[in-house]
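The values are calculated or read from the model by the stated rules, or taken from the named source; none is laboratory data. If you're wondering where the values come from, they're calculated on a predicted model, not measured in any experiment. Here the Cβ positions follow ideal geometry from the backbone for every residue, glycine too, while neighbour counts run over all protein chains shown. Side chains are part of the model used for accessible areas, which takes the heavy atoms of the whole protein and leaves out ligands, DNA and RNA. Shrake-Rupley method; radii C 1.70, N 1.55, O 1.52, S 1.80 Å.
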Amino acid sequence: MTPRESETPRPRGRKMSARVGNLIAEKIFSGGLVEGHRLPTEKEMVEEYDVGRTTVREALRLLESRDLVTVKAGIGGGPIAKMPQLESLGQTMKLFFQLNGATISDVIDVRLMLEPIVARAAADTVTDHQIEIMQGALDRILEDPHDHDAFQLNNALFQRTIYDAVGNPALKIVMETLWLLVRDAEPSEHPLATRLEAVELQSVLLDAMRSRDPEAAEAAMEVFVERSARYYRRYLAEVISQPVKWEL
């Protein structure tokens with residue numbers, strides 16, 4: 001066995017390009033390749049993994065399709081390490097939703113079931129710092145209620161902080177992805193009265209979480225998501241009743 005072979009395992013067994021892709025991905029996951037940093041050149045990877053150029057290129061195409069690599073063309077280009085976003089998971093979910101005839105209304109129903117449970121769990125584990133983040137988000141919305149962009153940004157921060165507070169990364173990924181699917185069906189701008197009502201209901205929820213009261217947090221979230229669902233079904237009934245559509 002040569003020194004190089006002892007340092008870098010040569011992919012065997014499965015399709016070679018997939019094995020090479022897994023080895024590159026593992027470096028990204030472990031922090032050996034930081035997001036935005038350039039990967040080794042094609043020639044270097046051919047030598048490192050003891051495979052042909054075609055195998056390396058196919059491996060990079062596989063990683064690019066999973067949002068783990070982006071390939072820049074031209075002089076100074078090449079493969080760049082990347083971390084996938086939740087929108088990528090949302091796109092995959094959309095594909096399966098469309099195949100099974102699911103609608104945004106179905107996604108809303110799932111959130112109606114899960115969000116109160118999440119709020120109850122978060123009330124037990126939320127930190128003072130997370131409480132401050134959520135309060136700050138609501139305060140910034142109220143600084144200028146007419147600023148819809150500020151509402152969208154801080155409303156998202158409030159919701160994501162609840163998911164963070166639970167402390168379960170699997171639950172966070174599922175909940176945030178479902179939330180993003182519904183958000184994508186939203187109008188370009190919510191009415192001011194709707195935004196202010198949302199902040200009022202979120203303030204009640206935040207008070208329950210500040211008190212570390214799981215039952216009150218669950219009840220407050222149940223009211224919040226039910227009001228949100230009523231809004232969607234009243235004003236966006238045609239949109240949310242259509243099957244979820246997957247697109248490239």
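Observations on the structure shown:
- Listed residue (Tyr231, Met134, Gly21) projecting farthest to the positive dipole end of the chain, Cβ model: Gly21
- Relative contact order of the chain, pairs being alpha-carbon contacts under 8 Å that are 6 or more residues apart, as %: 23
- Extension gain (nm, one decimal) between Arg38 and Ala170, 0.36 nm per residue minus Cα-Cα: 44.6 nm
- Shape call, the range 124-202: gyration tensor on alpha carbons, a/c limit 1.5: oblate
- For the range 165-244: rounded, prolate or oblate by the Cα gyration tensor [a/c cutoff 1.5]: oblate
- Normalised per residue, the accessible area of the range 167-248 is 56 Å², obtained with a 1.4 Å probe and no contribution from ligands, DNA or RNA.
- Exposed loop sites are taken as GluC sites (Glu not before Pro) in a DSSP loop (any state but H, G, I, E or B) with at most 15 other beta carbon atoms within 10 Å; the longest stretch of the chain without one runs 36-188.
- Computed with a 1.4 Å probe over protein heavy atoms only, the accessible surface of the range 46-144 comes to 55 Å² per residue.
- Per-residue extension of 0.36 nm, minus the Cα-Cα distance of Leu86 and Arg234, leaves a gain of 50.5 nm for this segment.
- The shape of the range 15-82 comes out rounded: with a ≥ b ≥ c from the C-alpha gyration tensor, a/c is under 1.5.
- Relative contact order computed over the range 122-248 (Cα-Cα under 8 Å; 6+ residues apart), in percent: 30
- Only protein atoms count toward the accessible area here, which uses a 1.4 Å probe; on the range 97-149, the carbon and sulfur part of that area reaches 53 percent.
- With only the Cα atoms considered, the chain has a convex hull volume of 174 Å³ per residue.
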